[in-house]
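Have a look at the structure below, then the notes.
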Amino acid sequence: MTDEEITHDSMSQLQSFSIQREVQLRFLSPQDLEEVKRLCTEWFPIEYPDAWYQEITSNPKFYSLAATYHSRIIGLVVCEIKTKAKLNNEDGDLLAPYFASSTQVAYILSLGVVVDFRKHGIASLLLDSLLSYLTSKECQNCKAVYLHVLCSNIVAISFYEGRNFVVHSYLPYYYTIQGKPKDGYSYVLYINDGKPPWSILDYISHCGSLLTKLQPCALPRQIMRMVQRLVCRMLSSGSTDSNANYTY
Ligand SMILES: CC(=O)SCCNC(=O)CCNC(=O)[C@H](O)C(C)(C)COP(=O)(O)OP(=O)(O)OC[C@H]1O[C@@H](n2cnc3c(N)ncnc32)[C@H](O)[C@@H]1OP(=O)(O)O
């Protein structure tokens, strides 16, 4: 790193620190509808119906958290907690089959930050708040957090991957952007001991570890040892009997 880069980095960190000190988090309310609509139109290439904005700003089933700076919304995260039974087909195999259909999962509908405030840790702050809620005592039945993202959204993908989210599936033609089909990915983070279904690799490695435990090559040796032990026991019980006879 050059001196110039170090200075720029420290300046940026200082700026982030002073912004973060003034950022406040609060839940969205119906009064935020127009502002949220404006921001989402700016951030996302997808058009949402008005009913969607009404829902996320007023329905308590959504965890809709805003980051504000001097009372202005500069970022938001919207998440819905639902049961495994309510998963769409494409996400149906998010959790291992042994999880009951009443097990919960959290779906991040959107996460965005105003351009001028990006790279100052605002999205991280929002995601951390969401994750600390989802891993709290009251949400222990929630086993995974997942989301959908355009394959071309490299910034968001690297953001989520940097926070331990992993690809769950590739979704060809998942989006329609300005009349054109676009591919997507679903990403997932398992929480509260949530687990994905077993992959072929898991089955192979499980069979491998079973075989290692059983040690089929050592089987004849084990049988020999068992026979030896049995004979020894029979002999020693015979001698005990004779000792017993002698004592009497
Ligand atoms: C389900 C979905 O919502 S998918 C769609 C996601 N949203 C969008 O695409 C909307 C448009 N994009 C955005 O709004 C933003 O770019 C987001 C939400 C993806 C990221 O928001 P940001 O507030 O910039 O994120 P944040 O600052 O927390 O982290 C971004 C990067 O900046 C880095 N960063 C944070 N502070 C600093 C700093 N002071 N100096 C330099 N880098 C910094 C972080 O380390 C991080 O890098 P990493 O991902 O390589 O670890």
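The values are calculated or read from the model by the stated rules, or taken from the named source; none is laboratory data. Values in this document were obtained by computation on a predicted structure and should not be read as measured data. Every residue, glycine as well, gets a Cβ built from its backbone with ideal geometry; the counts of neighbours run over all protein chains shown.
Things worth noting here:
- F17 vs. criteria at pLDDT below 90, out of contact with any strand residue (DSSP E or B) (no Cβ under 6 Å at 6 or more places or on another chain) and of a type in the set (F, W, Y): yes
- Residues within the range 184-203 that are loosely packed, with under 10 Cβ neighbours inside 10 Å and either in contact with a Pro (Cβ under 9 Å, 6 or more places away or on another chain) or assigned to a helix (DSSP H, G or I) (or both), tallied: 2
- Within the range 112-144, considering residues that are assigned to a strand (DSSP E or B) and over 15 Å from the mean Cα position of the chain (by Cα), the one surrounded by the fewest Cβ atoms within 10 Å (Cβ to Cβ): G112
- The C-beta contact set for the range 106-124 (first residue modelled with pLDDT of 95 or more, second residue among the small types (G, A, S) and more than 7 Å from the ligand (Cβ to nearest atom), distance under 8 angstrom, 6+ apart or interchain) comprises A106/A144; V113/A67; I122/A67.
- In the range 166-194, the residues that are under 25 Å from E47 (Cα atoms) and either touching a residue at least 60 places away in the same chain (Cβ under 8 Å) or within 11 Å of the ligand (Cβ to nearest atom) (or both): H168, S169, L171, Y174, Y175, I177, Q178, G184, Y185, S186, Y187, V188
- Wholly enclosed strands (runs of 3 or more DSSP E) of the range 1-103 bearing at least 3 residues touching a Pro at 6+ places or on another chain (Cβ under 8 Å) and more than 16 Å from the ligand (Cβ to nearest atom): none
- When R163 is tested against the conditions (1) in a loop (DSSP other than H, G, I, E, B); (2) more than 10 Å from the ligand (Cβ to nearest atom), the lone failure is (2).
- Any hit, the range 118-130, residues being closer than 30 Å to W198 by Cβ and either near the ligand (Cβ under 6 Å from one of its atoms) or touching a helix residue (DSSP H, G or I) at 6+ places or on another chain (Cβ under 8 Å) (or both): no
- Search result, residues across the range 131-149 that are within 16 Å of the ligand (Cβ to nearest atom) and polar (S, T, N, Q): S132
- Against the criterion of being of a type in the set (A, V, I, L, M, F, W, C), more than 18 Å from S124 (Cα to Cα), surrounded by 16 or more Cβ atoms within 10 Å (Cβ to Cβ) and touching a strand residue (DSSP E or B) at 6+ places or on another chain (Cβ under 9 Å), F62 qualifies.
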